[in-house]
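First up is the structure itself, then whatever we jot down about it.
The values are calculated or read from the model by the stated rules, or taken from the named source; none is laboratory data. These figures come from a predicted structure and were not determined experimentally. Here Cβ is always computed from backbone atoms with ideal geometry, including for glycine, and neighbour counts include all displayed protein chains.
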Amino acid sequence: MHVAYSLLGIVLIMALAFLLSSNRKAIRLRVVGAAFALQAGFAALVLYVPFGNRLLRGAAMGVESLLGYAAAGTNFLFGPLANPEIGGQSFAISALPVIIFFASLISVLYYLGIMPLVIRWIGGALEKVTGISKVESLCAASNIFVGQSESPLVIRPYLAALNPSQLFCVMSVGLAGVAGTILAAYASMGIRIDYLVAAAFMSAPGGIFMAKMIMPDPRGPHADESNVHEGHTPPAGLAAAALNRDDLTHQPGVHVDEVEAVEHEEEQPANIIMAASQGAQTGVKLAVAVGAMVLAFVALIALANGIVGWLAGLFGFEGVTFQALIGYIFAPIFYLLATPDWGEALQAGSLFGTKIVLNEFVAFIELGGDAGLSARTVAVVTFALCGFANFSSIAIQMAVTGSLAPNQRPVIAKLGVRALCAGSLSNLMSAALAGLFLGLA
């Protein structure tokens, strides 16, 4: 029964994407078919095939080991407070230091040239298999590791010249995925690491699939790719590592002297110690932002629950909360994807609604607690929550991408809600595929 429901859920999600499409006749089956095959194929490999599942568990063990090293720094800094038996389980102590450690680690990997090599390899594979442009594929690959705030830097020379379909793909993939630093923080909250890793890799083809379903490019995948505006500044740091020098200087309107000038525009790490230090400083800023965001949003949702409960009480309804109302909106979807149990579907729908209205951090905090859900529902919900698709992320994309390409701000604002739908549907598709192959296993 689980398999049949999951298949029905997959068809329903595809139908929703088709209904949202801006140009159904322009949908290229070669692109969307290949992207969906990659997403489904990866899910089958790591969740159903024994060899792939062992690889996934090995990757999860690696992340667990890294979390142990992060704990060494946390214990040194906070002392007895870092011990849950003494100081209690604190989000600020258990999750936020992990962000700082992983930001520093990723900065070191970029300095050593390991991360750019992996991004180019995955991006090249996405380009060849799906047929999308190199710009879109590189951005999708980088999203697996660095997230929506940093990945636009990888394609900074081309942002101003992207057509709406290409920009929509960049936005959708960003909303569908999560950053490696944040993913580690989820794991520190008790969320299963193997599911998080699988969801992160599935987000790249999943975001492409939904983007090219909802806003296909009638002019082809490489339209306007070489039309880089005269005088547009190439990237430094992260972007210069992902797009090599030839990629930049061979583009019309991008000159060697501009590349050389921008390479010295921002301070580059002189050695591995400086790279680690710069990454840690970036991680501190991110950790502070995440902590402030979680504090504010948890308080706001408590306020919303109180207001809704008070209003419902005036009409004789007890126990009604804002989160419960959200749960009713998404419960039918999770009834198909997770379990034919209406009570669990309501809880799952509430978590997903919290993710969209607030953010995934708040939803994962609730999931990491004693949610009382079955193992299958927890697995499916984990895949559904693993993405940046929420309303605040639209503002983040306008700020980040808009600052790199000011001419694209009106387009980003116009496409924001539709990109949110694409990212959310990508997360739901990953959840449906996870439910399918876990059911088969």
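Just a few scattered comments:
- Residue match in the stretch 429-437 (condition: touching a residue at least 24 places away in the same chain (Cβ under 8 Å), closer than 15 Å to F42 by Cα and among the polar types (S, T, N, Q)): yes
- Which listed residue is out of contact with any Leu (no Cβ under 6 Å at 6 or more places or on another chain) and at pLDDT 55 or above, from A211, A236: A211
- Only one of I93, I13, I27 that is under 19 Å from T181 (Cα atoms) and of a type in the set (A, V, I, L, M): I93
- Failed criterion for I365 (all others in (1) out of contact with any Ser or Thr (no Cβ under 7 Å at 6 or more places or on another chain); (2) in contact (Cβ under 8 Å) with a residue 60 or more places away in the chain; (3) over 30 Å from E150 (Cβ atoms) hold): (3)
- Boolean, I329 is touching a residue at least 24 places away in the same chain (Cβ under 8 Å), among the hydrophobic types (A, V, I, L, M, F, W, C) and closer than 16 Å to A176 by Cβ: no
- Residues (under 19 Å from G124 (Cα atoms) and among the charged types (D, E, K, R)) located in the stretch 151-203: R156
- Matching residues, the stretch 379-391, being free of Cβ contacts under 8 Å to residues at least 60 places away in the same chain and more than 22 Å from A296 (Cβ to Cβ): V380, V381, A384
- Looking at the stretch 40-131, the helices (runs of 4 or more DSSP H) lying wholly inside it that each contain 1 or more residues that are modelled with pLDDT of 90 or more and within 20 Å of the chain's Cα centre (by Cα) sit at 50-78, 96-111, 114-130.
Quick grid of which residues meet (1) crowded, with 22+ Cβ neighbours inside 10 Å; (2) more than 15 Å from the chain's Cα centre (by Cα):
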{"site": "L346", "(1), (2)": "no, yes"}
{"site": "V357", "(1), (2)": "no, yes"}
{"site": "S374", "(1), (2)": "no, yes"}
{"site": "A379", "(1), (2)": "no, yes"}
{"site": "G387", "(1), (2)": "yes, no"}
{"site": "V411", "(1), (2)": "no, yes"}
{"site": "L433", "(1), (2)": "yes, yes"}
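- Residue count for the stretch 1-21, restricted to those that are farther than 19 Å from V380 by Cα, touching a helix residue (DSSP H, G or I) at 6+ places or on another chain (Cβ under 9 Å) and loosely packed, with under 15 Cβ neighbours inside 10 Å: 1.
- Residue in the stretch 14-31 that is touching a Ser or Thr at 6+ places or on another chain (Cβ under 7 Å) and part of a helix (DSSP H, G or I) present: yes
- Residues satisfying the stated conditions in the stretch 337-381, i.e. outside any loop (DSSP other than H, G, I, E, B) and among the charged types (D, E, K, R): E344, K355, E360, E366, R376
- Given (1) buried (at least 19 other Cβ atoms within 10 Å of the Cβ); (2) farther than 24 Å from L16 by Cβ, number of the condition I307 does not satisfy: (1)
- Tally of residues being surrounded by fewer than 24 Cβ atoms within 10 Å (Cβ to Cβ) and touching a Gly at 6+ places or on another chain (Cβ under 6 Å) across the stretch 145-170: 1
- Close contacts from the stretch 392-405, counting a first residue that is of a type in the set (A, V, I, L, M) and a second that is in a loop (DSSP other than H, G, I, E, B), with Cβ to Cβ under 6 Å and a gap of 6+ residues or different chains, come to V400/S149.
- Evaluation of M202 against the conditions (1) in a helix (DSSP H, G or I); (2) within 17 Å of E64 (Cα to Cα) shows that the sole unmet condition is (2).
- Qualifying residue in the stretch 395-415 (condition: charged (D, E, K, R) and farther than 25 Å from T321 by Cβ): yes
- Residue selection: E344 satisfies the criterion of being modelled with pLDDT of 90 or more and among the charged types (D, E, K, R).
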